[in-house]
Amino acid sequence: MKYYIIAGEASGDLHASNLMRELKKLDSEAEFRYWGGDLMAEQGGTLVRHYRDTAYMGLWEVLINLKSIFKNLDECREDILRYLPDVVILVDYPGFNLRIARFAHNHGFRVFYYISPKIWAWNQGRVKRIQKWVDKMFTILPFETEFFAKYNVPVAYSGNPLLDAIDTRKYKDELRQTFLERHRLPDRPIIAVLAGSRSQEIDRLLPEMMAMTVSFPDHQFLIAGAPSFSAEDYESYLPENGNVKVIFEETYAILQQARAAMVTSGTATLEAALLNCPQVVCYKMWGGGFTHFMAKEVIIQVPFISLVNLIMNREVVTELFQKEMNTENLKSELQKILFDGSVRQHMFADYEELREIMGGPGSSRKTANLMWESLHE
């Protein structure tokens with residue numbers, strides 16, 4: 001079969017690549033054409049556009065890049081018509097993918113949506129579009145299945161693909177001393193820095209994260225380099241005190257060895273929790289007080305911004321959002337998760353409960369099987 005897959009950011013690239021690997025086991029004649037990243041490219045097929053060239057965050061970035069966005073949409077539509085896939089598989093990235101869902105549906109292509117848009121968090125009215133344009137949803141969060149079933153959307157939950165990625169991760173059994181020696185690092189406690197995969201996130205969050213190097217001079221800070229960036233891209237953000245290092249392609253290894261982490265809201269918050277790393281969640285959009293009010297009181301329709309807290313339906317990790325994301329608050333929260341034993345133990349217990357809710361590995365395989373069965377119904 002011919003599969004057309006669209007993933008618009010680093011996490012989508014990861015999950016789509018695992019799905020592609022499992023689909024190839026079921027379909028010996030599988031052909032892939034996709035918008036994605038390096039991990040998908042490793043599975044073969046044809047990469048049309050890399051996500052680093054198509055990702056825009058926040059209203060302002062979308063507005064100033066509207067011309068490029070519409071150009072990308074037109075290119076994608078034309079490419080689908082030329083390729084004539086058996087199925088279009090959309091991976092998260094709703095601003096782009098919901099428009100492609102409408103186009104693909106209207107032109108008679110079967111449409112699967114893997115990793116749901118967060119419509120349960122804001123603008124829930126979009127579920128009506130999914131009802132019309134998507135043949136089946138394949139969700140990765142336990143509470144999403146109930147949400148879509150309520151609207152009579154065909155839906156299946158088969159676990160979370162992060163569990164697969166973490167279970168098969170490189171350096172899974174590596175000792176701390178080996179990690180330090182491999183990267184020529186001093187024997188000091190590690191604070192992991194996950195500042196996001198988009199330039200806008202890094203611009204807004206990394207400077208305040210780097211300010212923590214002054215407050216915690218006895219620690220070393222390891223930045224998990226985003227795959228769409230180079231070491232040079234981070235240079236202007238690094239302090240002169242020398243206790244920061246950027247390491248690429250080892251996010252899980254860094255979290256595994258870190259005593260604590262500063263994490264941009266998103267998939268990374270769940271990754272840190274599943275790897276048992278105490279964390280403080282950080283997020284900041286463009287704009288000031290009005291943006292803060294609109295985001296927190298009007299746009300966002302759930303009580304939390306991190307996946308950890310949403311799944312647990314209570315505050316497990318502290319969220320510093322908009323004006324709350326400042327150096328004073330960040331320092332205070334880091335002190336708690338670094339040095340307060342009761343805070344750390346309570347978080348570890350919550351993480352254990354989270355892992356039980358999420359279930360075990362095998363999500364990518366189960367999702368591929370469900371898609372394969374649906375394609376042959």
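The values are calculated or read from the model by the stated rules, or taken from the named source; none is laboratory data. Everything quoted here is computed from the prediction, not taken from an experiment. Note: ideal-geometry Cβ built from the backbone for every residue, glycine included; neighbour counts use all protein chains shown.
Quick notes on this structure:
- For first residues located in the range 66-91 and of a type in the set (K, R), partners that are at pLDDT 95 or above and lie 6+ apart or on another chain with Cβ distances below 6 Å form the pairs R77/F103.
- Inspection of the range 67-89 finds a residue satisfying the criterion of being modelled with pLDDT of 95 or more, under 23 Å from Y157 (Cβ atoms) and touching a Lys or Arg at 6+ places or on another chain (Cβ under 8 Å).
- Checking N160 against (1) surrounded by 15 or more Cβ atoms within 10 Å (Cβ to Cβ); (2) within 22 Å of H50 (Cα to Cα), the condition it does not meet: (2)
- Of the residues making up the range 260-275, just one is in contact with a Lys or Arg (Cβ under 9 Å, 6 or more places away or on another chain) and assigned to a loop (DSSP other than H, G, I, E, B), namely L275.
- Test: residue in the range 248-264 that is of a type in the set (G, A, S) and either over 23 Å from the mean Cα position of the chain (by Cα) or not assigned by TED's automatic domain parsing to the domain that holds E324 (or both): no
- Filtered residues of the range 110-130 (kept if surrounded by 20 or more Cβ atoms within 10 Å (Cβ to Cβ), touching a strand residue (DSSP E or B) at 6+ places or on another chain (Cβ under 6 Å) and not small (G, A, S)): V111, F112, Y113, Y114, I115
- Residue, farthest from M358 (Cα to Cα), within the range 118-167, restricted to residues that are assigned to a strand (DSSP E or B) and in contact (Cβ under 8 Å) with a residue 40 or more places away in the chain: W122
- When residues of the range 141-196 are limited to those that are among the hydroxyl-bearing types (S, T, Y) and modelled with pLDDT under 95, the one farthest from the chain's Cα centre (by Cα): Y151
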